[in-house]
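Q: This structure is in structure tokens; I'll ask about it shortly.
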Amino acid sequence: MSQHKPKLVVFTGAGISAESGIRTFRDSDGLWEEYNIYEVATPEAWNKNRELVLEFYNKRRKQVLNAKPNAAHKALVDLEKKFDVWIITQNIDDLHERAGSKNVIHLHGEINKSRSTVDETLIYTIKGEELLSGEKCERGSQLRPHIVWFGEQVPMMDVAYEIASSADLFIVVGTSLVVYPAAGVIDYVPDNAPKYLIDPNEIKVNGITNLTIIKEKASVGVPSLVAELMKDRG
Ligand code: NAD
């Protein structure tokens, strides 16, 4: 009979991809790679200057295509041998998938996909590096990046809350926990579940029980925590 695997939920943010060469934006004063995020990552920006928004995401896409998963992404894959692992990520890159993780929920969309501006269920994989003005969905409307912008609903939020609320263990990696509603995921984790937070900087967390803070970079903190959890499972 197969052994029951505890459910381990991992919540990741930009910090887990920092050592793959993809910059976080909190670390750079509200600028994301020299762009003011509100001028490129809002519905208003799309209506005002579509070319600039497309250019911004085309650059991000090129950067992601040239990046590789790091030791933290890879270590999370090892956990699948002994745990039922679910990754809830705020990242738009695909480094968890490329490392080999099976269950990845993207709260804020995916950089390598586009979607229709008249029907949000029409989602396409972008072939190559660029999405351009004039590229249309099968219903004839301009395609936009498949990204959840500031001010938009987060369609995967309820799925994430449900996964978090049934976690036996919970790991947070590389997120400032200031972007809502995503950051609220941690509040759904059962009180008695052991929780770990890995980040080299001080993160404000209030009222979270059973929390161990590991003040390390992801590439160091994640592999060592994974090794410890695997050992505990025998
Ligand atoms: P954030 O920029 O607000 O916070 C990043 C966190 O990572 C900080 O707490 C920082 O201390 C930590 N960090 C920096 N280097 C680290 C390292 N080497 N190891 C571990 N932690 C490290 O990011 P956020 O909380 O994810 O929120 C920003 C939003 O911006 C996200 O929701 C996402 O949609 C978007 N974003 C995505 C990417 C990506 O896809 N890789 C990159 C930048 C921003």
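Q: Averaged per residue, what accessible area in Å² does segment 1-131 show with a 1.4 Å probe, protein chains only?
A: Here the residues of segment 1-131 average 49 Å² of exposed surface.
Q: Give me the percent of the accessible area of the chain that comes from carbon and sulfur atoms, probe 1.4 Å, all protein chains in place.
A: Ligands and nucleic acids excluded, carbon and sulfur give 49 percent.
Q: Could you list which residues have their amide H under 5 Å from that of Ile105, counting only those 5 or more apart in sequence or on another chain, with H placed in the peptide plane?
A: Answer set, sorted by chain and number: Ile87, Ile88, Thr89.
Q: No solvent, one uniform scatterer per C-alpha: report log10 I(q)/I(0) for segment 100-234 via the Debye equation at q = 0.12, 0.20, 0.21 1/Å, two decimals.
A: For the requested q values the scattering log ratios are -0.63, -1.21, -1.28.
Q: Sort Glu138, Glu33 by heavy-atom solvent-accessible area, probe 1.4 angstrom, most to least. Can you show the working numbers first?
A: Numbers: Glu138 135, Glu33 30 Å².
I get Glu138, Glu33, largest accessible area first.
Q: Would you mind working out the accessible area per residue for segment 143-234, using a 1.4 Å probe, and quoting it in Å²?
A: For segment 143-234, the per-residue accessible area is 51 Å².
Q: If you plug each phi of segment 85-97 into the Karplus form 6.51 cos²θ - 1.76 cosθ + 1.60 with θ = phi - 60°, what whole-Hz ³J(HN,Hα) values come out, in order, with x for Gly and Pro?
A: Here the 3J(HN,Hα) series is 9, 10, 10, 10, 10, 8, 7, 9, 6, 10, 5, 5, 5 Hz.
Q: Which three semi-axes in whole Å describe the equivalent ellipsoid of the chain, each the square root of 5 times a Cα gyration tensor eigenvalue, listed largest first? Before the final figure, lay out each step's value.
A: Values: eigenvalues 202, 68, 58 Å².
Working through the eigenvalues yields semi-axes of 32, 18, 17 Å.
Q: Same structure, new question: May I ask you to rank Tyr38, Tyr196, Tyr188 by accessible area, largest first, using a 1.4 Å probe over the protein chains only?
A: Largest accessible area first, the residues go Tyr38, Tyr188, Tyr196.
Q: Label 7 Å along Cα→Cβ of Ala227; segment 192-216 residues with amide nitrogen under 17 Å?
A: 214-216
Q: While we're here: Provide the per-residue ³J(HN,Hα) series for segment 142-158, in order, calculated from phi with Karplus coefficients 6.51, -1.76, 1.60 and θ = phi - 60°, each as a whole number of Hz, with x at glycine and proline positions.
A: 4, 7, 10, x, 7, 10, 8, 8, 4, x, 9, 5, 9, x, 8, 4, 5
Q: What are the ³J(HN,Hα) couplings of segment 111-128, residue after residue, when phi is run through the Karplus curve with 6.51, -1.76, 1.60 and θ = phi - 60°? Round to Hz, x for glycine and proline.
A: So the Karplus estimates, Gly and Pro as x, are 5, 8, 10, 10, 8, 5, 8, 10, 9, 5, 7, 8, 10, 10, 7, 7, 8, x Hz.
Q: For Asp191 paired with Glu55, estimate the spin-label separation in nm (one decimal), with each label point 7 Å from Cα along the Cα-to-Cβ line.
A: Using points 7 Å along Cα→Cβ, the separation is 5.3 nm.
The values are calculated or read from the model by the stated rules, or taken from the named source; none is laboratory data. Because the structure is predicted, anything quoted here is derived from the model rather than measured. FYI the Cβ positions are ideal-geometry reconstructions off the backbone, even for glycines, and counts take in every protein chain you see. Only protein heavy atoms, including side chains, enter the accessible area calculation; ligands, DNA and RNA are left aside. Shrake-Rupley method; radii C 1.70, N 1.55, O 1.52, S 1.80 Å.
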